[in-house]
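Trainee: My questions all concern the structure below.
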Amino acid sequence: MTFDSNFSRRRLLGLAGTAAAAAAVGRFAWAADPHAHAAHAAHAAHAAHASHGDDAQNFLRDAKDWALPAPRKLKLATNLNAICLAPVAVADNQGFFRNHNLEVEFVNFGNSTEVLLESLATGKADAATGMALRWLKALEQGFDVKLTAGTHGGCLRLIAQEGGPRSFEELKGKTIGVTDMASPDKNFFSLMLKRHGVDPVRDVTWRVYPIDLLGTALEKGEIQAASGSDPMMYRLRNQLGKRELSNNLVEEYANLSCCVVGVGGNLVRKERPVAAAVTHAILQAHAWAAQHPETVAQDFLKFAVNTNSEEINAILNEHTHAHYSVGKAFVDEIVVYARDLKAVEVLRASTDPRKFAESIHADVFA
């Protein structure tokens, strides 16, 4: 199967039938890097790996299997300004939490991962959504938090000047701009550099800039690539003279979740049905967003800063909200990230990727 190179670099495949079909729908990714192959279609049906039987299409169709018998108040920590998490922010409007008998109070944590995970571990928040590549190193430190699902893919981009590097190999000896040295995009593109024979610790220089100055730094030649997340990197890519060198929907990562659901360990152990209910509601919200990005974009405007519904809609359509992973499939995804983060010296050399993934996961749907 071939694809017209004029297509968008990242395209969301539409869901066939119900939103629940998301688990069985594959996705493709395009990137300017000639080594970034189109991802394979027909991603495995995740729910079948999570003790729900073989009918993955039914998993997200109805809340009744996971709804609580009585209303339960719950605090959900999330970054209310992150467009990739817009489906969670607007889930109340569409009744996903209510249908699970959940009365959700949002706690906006921004990018303070350690504070977020501590709040989960100590019961100040019950559940949270965030980026796996920002959480895994912190979880290695021993927070009592369990990951229950992957929610979608996308939202990290590597941008260069039109005449700049066109592959990871060409970044050897170059300087890459980032917003912070522990950011998920730095971690992701570090592991991609490693995969392409470039040592991200010794062969490139990472330089920190405020995100709104990354474009200027590119134009001045202070950096040869800029790494970051949406919406700022989406805007930077669309500027005259800029191009997307890569993103986090390439190669093996095209079929992996980038954002995850985390639940406090105590809640998982003592109230597993609550953990299942909130996880299922969040997955439903993302799957619904894949079919209705325009509605999500409009509803998200009350949370959004310096954007508009057209931009939100466009960004959502470049993410893969039709993808989710639970159970063994989700553990397998974490193993890939852990393995590669270990290879680029983010995780400890002594960490066993499989054992680590299993230790931080809870199959709340089993």
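Trainee: For region 217-226, does any single residue satisfy the condition of being more than 20 Å from residue 162 (Cα to Cα), modelled with pLDDT of 95 or more and either in contact with a Lys or Arg (Cβ under 6 Å, 6 or more places away or on another chain) or assigned to a loop (DSSP other than H, G, I, E, B) (or both)?
Mentor: no
Trainee: If a residue must be over 22 Å from residue 231 (Cα atoms) and either modelled with pLDDT under 90 or not β-branched (Val, Ile, Thr) (or both), how many such residues does region 86-115 contain?
Mentor: Looking only at that region, the number is 15.
Trainee: I would also like to ask the following. What is the residue count in region 233-252 for residues that are under 16 Å from the mean Cα position of the chain (by Cα) and either closer than 25 Å to residue 282 by Cα or not hydroxyl-bearing (Ser, Thr, Tyr) (or both)?
Mentor: 8
Trainee: Determine whether residue 357 is in contact with a helix residue (DSSP H, G or I) (Cβ under 6 Å, 6 or more places away or on another chain), of a type in the set (Gly, Ala, Ser) and either open to solvent by 10 Å² or more (accessible area, probe 1.4 Å) or over 29 Å from residue 268 (Cβ atoms) (or both).
Mentor: So residue 357 fails the test.
Trainee: Ok, one more. Look at residue 295 and say whether it is β-branched (Val, Ile, Thr), farther than 30 Å from residue 273 by Cβ and either open to solvent by 10 Å² or more (accessible area, probe 1.4 Å) or modelled with pLDDT under 90 (or both).
Mentor: Criteria not met by residue 295.
Trainee: Is it true that residue 330 is of a type in the set (Phe, Trp, Tyr) and open to solvent by 10 Å² or more (accessible area, probe 1.4 Å)?
Mentor: Considered against the rule, which asks whether it is of a type in the set (Phe, Trp, Tyr) and open to solvent by 10 Å² or more (accessible area, probe 1.4 Å), residue 330 comes out as no.
Trainee: Would you please name the residue that is surrounded by the fewest Cβ atoms within 10 Å (Cβ to Cβ), looking only at residues in region 151-202 that are in a helix (DSSP H, G or I) and in contact with a helix residue (DSSP H, G or I) (Cβ under 6 Å, 6 or more places away or on another chain)?
Mentor: 194
Trainee: If residue 217 passes every condition in (1) more than 24 Å from the chain's Cα centre (by Cα); (2) open to solvent by 40 Å² or more (accessible area, probe 1.4 Å); (3) among the hydrophobic types (A, V, I, L, M, F, W, C) but one, which one does it miss?
Mentor: Result: residue 217 passes all but (2).
Trainee: Turning to a different aspect of this structure: Output the number of the condition that residue 255 fails; it satisfies all remaining conditions of (1) touching a residue at least 60 places away in the same chain (Cβ under 8 Å); (2) within 21 Å of the chain's Cα centre (by Cα); (3) surrounded by fewer than 19 Cβ atoms within 10 Å (Cβ to Cβ).
Mentor: Single failed check for residue 255: (3).
The values are calculated or read from the model by the stated rules, or taken from the named source; none is laboratory data. Keep in mind the model is a prediction, meaning the values are calculated, not measured. Cβ atoms come from the backbone with ideal geometry, glycine included; neighbour counts cover every protein chain shown. Ligands, DNA and RNA are excluded from the accessible area calculation, which covers all protein heavy atoms including side chains. Shrake-Rupley method; radii C 1.70, N 1.55, O 1.52, S 1.80 Å.
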